[in-house]
Amino acid sequence: MAKQEDKFKKVLSHAKEYGFVFQSSEIYDGLSAVYDYAQNGAALKNNIRTYWWQAMVQLNDNIVGIDSAIFMHPTTWKASGHIDAFNDPLIDNKDSKKRYRADVLIEDYCAKIEGKIEKEVKKAAKRFGDAFNKDEFLSTNNRVLGYQEKIDTILSRMGKYLENEDLVAVKALIEELEIACPVSGSRNWTDVKQFNLMFGTKLGADASSAMDLYLRPETAQGIFVNFANVQKTGRMKIPFGIAQTGKAFRNEIVARQFIFRMREFEQMEMQFFVRPNTQSEWYEKWKENRLKWHLSLGLGEENYRFHDHDKLAHYADAAADIEFKFPFGFKELEGIHSRTDFDLKAHEKHSGKKLQYFDHEINVSYVPYVVETSVGLDRMFLAVFSTALQDETLADGSVRTVMKLPSVLAPYKAAILPLVKKDGLPEIAKTIINDLKFDFQMTYDEKDAVGRRYRRQDAIGTPFCITVDHQTKEDNTVTIRHRDTMQQERVAISTLKNMIADEVSMSTWLKKLD
Ligand code: GAP
C-alpha cells in the first residue's frame, strides 16, 4: 500500500514539476477537483484525443464525428432521466461532518479485501518461485476463494439495494460491515440520501424570465438529439455510429484522486445505432474492439480487466467497465453500455419528433437500439501518465526518471540538441528543426551538458534526442538517442524523417488496430 501511495505522490509532483497538470486557479489556492492542463499536458491530452478520434472516425467508414454544444434545451435532461435519476447515494459521518458516497465506502471496503488477495498471491509467488501459476492459485486456494466470495456477495447485495433504491438497506450494509469514517474513525452515520449531480445555470439576463439550464453531465445526449439530422444529411445506414469528444460536468461529492474524478472533465463517446435485437452481439463486439484499442498502446495487458455491472443505469440492459490498474488500484476507465432504445424513445416522447429509421433491407421503420462506448479523456491521461512514469536504476547505480510514453502520444517527438552553443552547431540544429517541424512536434535545447538535456527529455517522454556535433559539419550525420534503451546511433540527417515517422506517426499506430 505504502508503495502505491508513494507512486501516486510521485505522479502528482511530476505532473506539476514538468508542466503537465496544474491545479486550477492555483494563485487563489485552487479550486477543488478542477485542474488545468499545462504545456506538456495539453499536448499529451490532444494526442490521446486524436488517437481515439482517428481510431473511431477515420478507421470506420460507418462512424462520423460531431461537436455538439455544452448547453442543451433543459427538456433534454428530463427526457434522458438525468433530472430524476442522476443521483449519488450520500452518507455523512456525524462526528467528522465528512460526506461520502455510500457505494464508494462499500467498494473501498472490498478493495481492502482485494489487497489481502494480492498479499496471498505475492506470498505464494515467493514460496513457489518459477513453478508458480497465478491463475491456478487464484482458482484453487481456499483462503483466496473465501475472500473473493465475500467481495462478490457484498457487491451483489449492494447492487441489488441500489437498483431497488433501498437506501435503508445500503446503510444497514455499511453498519453490518462495520465501516468506519476514515477521518473520525467512528461509525456514527446519518441515513443515506440521494443527491443530483448536475450543475445548474441560467440563460438570459433578466432573473424573472431567465431559463434554467444544466451543464451537460455527459456528451452522449448531444449525439441522441442530433441522431435524425446526422442520419439524413450523412445518408447513414444502420449499423452506424456517431462519435464526439467534449467537456462534461458533474458535481461530484467524492472528488479525489487527482484527475481521476473531477467536476469538469472530458469524455470521448461513441453511440452505435443498431437494429433492435442485435444489440447484444454489437455490445460484445464493441467490448472487444475497445479493449484492443487500449492494448494497442502497450501499457501492459495485466493492467486491464472487465467488470460487468450488477447495478445497471436507468437506460441500460447490459453494461461493463474496462478497469485499469491506476496507482490506487483497479478502477473504471471506460464504460460500454447497451442503452437499448431508451434515449431515442424518450426524446421522441418529449419532443414530439420522430426519431426512427426506415430499414430498406427489411422494409420496417423502428427506433434504433444503441451501444455506447464512453471513455474519460482525463482518466486515459492518468492511466498513460502513471504507467509511463518510471524510475529506472542504471548499470552505474544511478537512477533516471523516464516517461516511457507510447511514442505516438508523446508531447514532443524529438529534441534537437547542439553539442555546444557555438561553432555553427545551433544554426545546423535549427535547420533540421525547420525541416522536421512540418511533420513532428519538435523541441530545441542548448542549455547545460548534453547528459542533463537527455534527462530533461526523458522526464517528459520525448522518444528521440538528436545531437548535432562537430562531425555533423563534415559529413551531415547526427547521433540519435532512443529514450527507452538510451542507445545511440550515427545516422545521416536525410534519414531522420523516415526513422522518426516509422516509430511515432499516427498511421504506424493506427495500423495495429486494423
Ligand atoms: N454516457 C455514459 C456515461 O457518461 P459514465 O460511466 O458515467 O457513463 C463515462 O462515464 C466515463 O467518463 C467513465 O468511464 C470515466 O472514464 C469518465 N468519467 C465519469 N465521471 C468522471 C469524473 N467525475 N471525472 C473524470 N472522468 C469521469
For region 34-93 versus region 222-256, the gap between their alpha-carbon centres in whole angstrom: 8
Holding the Cα-Cα limit at 23 Å, pick out from Lys325/Lys404; Lys247/Lys413; Lys202/Lys247; Lys7/Lys45 the pairs that are longer than that. Lys247/Lys413
Hey, got a sec? Which GluC sites (Glu not before Pro) in region 351-435 land in a DSSP loop and have at most 15 other Cβ atoms within 10 Å? Glu361
Env charge @ Lys94, Cβ radius under 15 Å, K,R +1 / D,E -1, value +2
Less than 13 Å Cβ to Cβ from Ser505, Lys/Arg counted +1 and Asp/Glu -1: what total charge do the surrounding residues give? +1
Enumerate the calculated ³J(HN,Hα) couplings along region 71-82 in order (Karplus 6.51 cos²θ - 1.76 cosθ + 1.60, θ = phi - 60°), each rounded to whole Hz, writing x wherever the residue is Gly or Pro. 6, 9, 4, x, 5, 3, 7, 6, 4, 6, x, 5
Rounded to the nearest Å, what's the spacing between the alpha carbon centres of region 312-373 and region 102-136? Just the number, please. 34
Checked against the positive end of the charge dipole of region 394-510 (+1 on Cβ of Lys and Arg, -1 on Cβ of Asp and Glu, about the Cα centre), the farthest of Gln487, Tyr412, Ala459 is Ala459
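What ranking of Asp343, Asp212, Asp321 emerges when the number of other C-beta atoms within 10 Å of each C-beta is taken as an exposure proxy, fewest first?
Arranged by neighbour count, lowest to highest, Asp343, Asp212, Asp321 become Asp212, Asp321, Asp343.
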Zone of Phe71's modelled label, taken as backbone nitrogen in region 246-272 under 17 Å from a point 7 Å along Cα→Cβ: 247-249
Estimated distance in nm for a label pair at Asp435 and Ser24, the labels positioned 7 Å out from Cα along Cα-to-Cβ: 4.5
Taking a 18 Å limit on the Cα-Cα distance, which of the listed pairs Lys160/Lys311; Lys119/Lys160; Lys9/Lys94 fall beyond it? Lys119/Lys160; Lys9/Lys94
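Suppose every Lys and Arg Cβ carries +1 and every Asp and Glu Cβ carries -1, with no other charges. What dipole size does region 421-483 come out with about its Cα centre, to the nearest 20 debye?
Numbers: 12 positive and 11 negative charges, 73 e Å.
Using only the charged Cβ atoms, the result is roughly 360 debye.
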Net lengthening on full extension, Lys123/Lys349 (0.36 nm per residue, minus Cα-Cα): 75.5 nm
Quick calc: nm separation of the 7 Å Cα→Cβ label points for Phe306 and Thr393 -> 4.0
Please arrange Ile242, Ile493, Ile432 by how many other C-beta atoms lie within 10 Å of their C-beta, fewest to most. Ile493, Ile432, Ile242
Taking a quarter of the surface of the convex hull around the Cα atoms of the chain, what do you get in nm²? 30.8
Under the 7 Å Cα-to-Cβ spin-label approximation, Asp448 and Lys78 lie apart by a distance in nanometres of 6.0
Between the alpha carbon centres of region 457-476 and region 146-169 the gap in Å comes to 57
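Bear in mind that the values in this text are calculations on the coordinates, not laboratory data. Just so it is clear, the model here is predicted, and its values are computed rather than measured. Neighbour counts run over all protein chains shown; Cβ positions are idealised from the backbone, glycine included.
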